[in-house]
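Input: a single structure, listed below in structure tokens.
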Amino acid sequence: MLHSMTSEPEQQIGVGTQDAFQRLWTPHRMAYIQGENKPTGPGADDGCPFCSIPGKSDEDGLVVARGEHVYAVLNLYPYNGGHLMVVPYRHVADYTDLTRPETAELAELTKQAMTALRNASGAHGFNIGMNQGTVAGAGIAAHLHQHIVPRWGGDTNFMPVVGHTKVLPQLLADTRKMIADAWPTA
């Protein structure tokens, strides 16, 4: 057990190699690295998680808000705490293939997400965008999704820059509830 703040290793049962907490163990990231929950092909029936999420409860699917054409969901592998995605229900890959109602509702839920994140967590700014196609960095290119990443002054600390590690201070279920509770009503 670690009894004081020293650089000397002490017994740390169950955390891997004894190293005085010089490592952050993030075993949940292995699922992303190994492609867990990735579709097996481009079709809606090829295991697309964005097609299956709407059939789950809000809590189980990490859904924050539902509209008629799109829904807002927490990213399972977030860049920052509160990282949301706005996703059309329809399995469509390209932004230019959205209908006018889908495009309008995607924009409206993005605005609502910004309001909810400001209210829930005091976000100072946002990174908002889409990666269109695998070559552009889309993890699931076959189903369009827009990222809404809240940002705070000073949140680019040494961990992501030097340590290539994200430190998220809250469980996703708790984050989902906090944002859902702060979601603006129509």
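The values are calculated or read from the model by the stated rules, or taken from the named source; none is laboratory data. None of the values given here were measured: they were computed from a predicted structure. Note: ideal-geometry Cβ built from the backbone for every residue, glycine included; neighbour counts use all protein chains shown. The area values use the complete protein model at the heavy-atom level, side chains included, leaving out ligands, DNA and RNA. Shrake-Rupley method; radii C 1.70, N 1.55, O 1.52, S 1.80 Å.
What to note about this one:
- Nearest-10 value in Å² for the accessible area of Lys56, using the 1.4 Å probe: 100
- With a simple spin-label model that places each label point 7 Å from the Cα along the Cα-to-Cβ direction, the separation between Ala44 and Asp181 comes to 3.5 nm.
- Heavy-atom accessible area for Tyr77, with the other protein chains in place and a 1.4 Å probe, reaches approximately 40 Å².
- When the residues Arg176, Arg100, Arg118 are ordered by accessible surface, computed with a 1.4 Å probe over the protein chains alone, the sequence from largest down reads Arg100, Arg118, Arg176.
- Accessible area per residue (1.4 Å probe, heavy atoms of protein chains only) ranks Thr115, Thr134 as Thr134, Thr115, with the largest value leading.
- Amide H within-cut-off set for Tyr71, under 5 Å, with H built and near neighbours excluded: Val87, Tyr89
- Accessible area in the full protein assembly, largest first, 1.4 Å probe, for His147, His83, His69, His124: His124, His69, His147, His83
- Cβ-Cβ distance of Tyr95 and Arg118, R₀ of 35 Å, FRET efficiency by 1/(1 + (r/R0)^6): the value works out to about 0.90.
- Between the range 45-93 and the range 102-151, the alpha-carbon center distance in angstrom: 11
- When the Cα gyration tensor is reduced to axis lengths a ≥ b ≥ c, the ratio a/c is 1.5 or higher for the range 61-159, and with a/b not above b/c it is classed as oblate.
- For the range 42-180, the solvent-accessible area with a 1.4 angstrom probe is 51 square angstrom per residue.
- With all protein chains in place and a 1.4 Å probe, the accessible surface of the range 42-180 carries 55 percent carbon and sulfur.
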